[in-house]
Amino acid sequence: MLFFVANVNAAKSDFFGERDVVAAKGGTQFLKFGGDEAVEHFGKHADQIMKVTGQSAYNLKNYVNDANWIIQNGTYSSKLNGYYSFMANGSKGQSLFGFVGMKNGGSTISTFHIKSAAQLGLK
Amino acid sequence: MEEYIVSIKEIDWLDKENPEAEILFEISGKQFWAFCHPCYFKEGEIVEAYFSFIEEEVSESAFWAENKEQKKEVVPSDSNRCHYYCYGELKSIHPVVIDCGAIDLSFGDWINDERMIGSYVYFVMARLDIGRV
């Protein structure tokens, strides 16, 4: 199912020049963080995502792109109101997932960070 | 998952709608910061909480050999308040539970040799998480 929602934060958050519309899962549109929130969340979580995925370089655009990939390809958790997708196993066997939280009725990304299987309630 | 009584000292919100925050809490007279999502704590309350963490890679040799002083301690990193260097004693192996002094941390199920119980170990938490029971 495809539907569109006006992006009220387009002026602030349109740092990649994507269209001023967003879509729910199943569409091809690009979802964004609200306002300038992407920068704050990137600062908090990017280092950990780099370590888990083994990337030596990672920027804000990669961060938002990866969040959108998880929204498009991940599994939805109604309990956490977000999507998750497996990323890697830790050295002690901990399964690690990328988690993208949603808000504003699913039209805006609230966060993208790492969660373990236990934190997602998967075991 | 072990439950603890903690005192919530401060909440630094990252987002309130899909509630995400870093929490300063006190347990056994010591204060720690932890990441919390979804976050249902309030400042000033005393509540039951549980802990989990995201591991950071340490070598097998460091895990078993780095805690020569047989410490039980959770040491915060200078650069990230939710990142910790952990020293503790292996309490059980199914699951792996490590007594780090103020907190026992559960660490999966990846050791089979019961002779290792009682060993002093070292590991790194990339992020300590706290949740409300």
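The values are calculated or read from the model by the stated rules, or taken from the named source; none is laboratory data. From a predicted model like this one, the values you see are computed outputs, not experimental measurements. Positions of Cβ are generated from backbone atoms using ideal geometry, with glycine treated the same way; all protein chains shown enter the neighbour counts. Ligands, DNA and RNA are excluded from the accessible area calculation, which covers all protein heavy atoms including side chains. Shrake-Rupley method; radii C 1.70, N 1.55, O 1.52, S 1.80 Å.
Residues checked against (1) among the small types (Gly, Ala, Ser); (2) facing chain B (nearest Cβ under 8 Å):
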{"position": "A:Tyr58", "(1), (2)": "no, no"}
{"position": "A:Asn62", "(1), (2)": "no, no"}
{"position": "A:Ile70", "(1), (2)": "no, no"}
{"position": "A:Lys79", "(1), (2)": "no, no"}
{"position": "A:Ala88", "(1), (2)": "yes, no"}
{"position": "A:Lys92", "(1), (2)": "no, yes"}
{"position": "A:Gln119", "(1), (2)": "no, yes"}
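Of the residues making up segment B:59-86, those that are in contact (Cβ under 8 Å) with a residue 12 or more places away in the chain and open to solvent by less than 40 Å² (accessible area, probe 1.4 Å) are B:Ala62, B:Phe63, B:Asn67, B:Val74, B:Cys82, B:His83, B:Tyr84, B:Cys86. Taken together, the residues in segment A:37-56 that are open to solvent by 10 Å² or more (accessible area, probe 1.4 Å), more than 9 Å from chain B (Cβ to nearest Cβ) and either over 15 Å from the mean Cα position of the chain (by Cα) or in contact (Cβ under 8 Å) with a residue 60 or more places away in the chain (or both) amount to 3.
With respect to the stated conditions, B:Tyr120 fails to be open to solvent by 10 Å² or more (accessible area, probe 1.4 Å), hydroxyl-bearing (Ser, Thr, Tyr), touching a residue at least 40 places away in the same chain (Cβ under 8 Å) and within 11 Å of another protein chain (Cβ to nearest Cβ). Scan segment B:66-83 and tell me whether some residue there is hydroxyl-bearing (Ser, Thr, Tyr), in a strand (DSSP E or B) and over 13 Å from the mean Cα position of the chain (by Cα). Looking for residues that are hydroxyl-bearing (Ser, Thr, Tyr), in a strand (DSSP E or B) and over 13 Å from the mean Cα position of the chain (by Cα), one finds none in segment B:66-83, hence no.
Can you find a residue in segment B:109-116 that is in contact (Cβ under 8 Å) with a residue 40 or more places away in the chain and aromatic (Phe, Trp, Tyr)? Taking every residue of segment B:109-116 in turn, none turns out to be in contact (Cβ under 8 Å) with a residue 40 or more places away in the chain and aromatic (Phe, Trp, Tyr).
From the residues in segment B:73-97 that are within 11 Å of chain A (Cβ to nearest Cβ) and of a type outside the set (Ser, Thr, Tyr), which one is nearest to B:Ser119 (Cα to Cα)? The extreme case among them is B:Val96. Scanning segment B:103-117 for residues that are assigned to a strand (DSSP E or B) and within 14 Å of chain A (Cβ to nearest Cβ), we see that the one that is surrounded by the fewest Cβ atoms within 10 Å (Cβ to Cβ) is B:Ser106.
Return the residues of segment B:1-26 that are open to solvent by 10 Å² or more (accessible area, probe 1.4 Å), more than 11 Å from every other protein chain (Cβ to nearest Cβ) and touching a Lys or Arg at 6+ places or on another chain (Cβ under 9 Å); say none if nothing qualifies. Once the filter is applied, which keeps residues that are open to solvent by 10 Å² or more (accessible area, probe 1.4 Å), more than 11 Å from every other protein chain (Cβ to nearest Cβ) and touching a Lys or Arg at 6+ places or on another chain (Cβ under 9 Å), segment B:1-26 yields B:Ile11, B:Leu24, B:Glu26. Taken over segment B:27-46, the criterion of being crowded, with 16+ Cβ neighbours inside 10 Å, more than 14 Å from chain A (Cβ to nearest Cβ) and under 18 Å from B:Tyr84 (Cα atoms) is satisfied by B:Ile27, B:Phe32. If we scan segment A:66-84, do we find a residue that is of a type in the set (A, V, I, L, M) and open to solvent by 20 Å² or more (accessible area, probe 1.4 Å)? No, segment A:66-84 contains no residue that is of a type in the set (A, V, I, L, M) and open to solvent by 20 Å² or more (accessible area, probe 1.4 Å).
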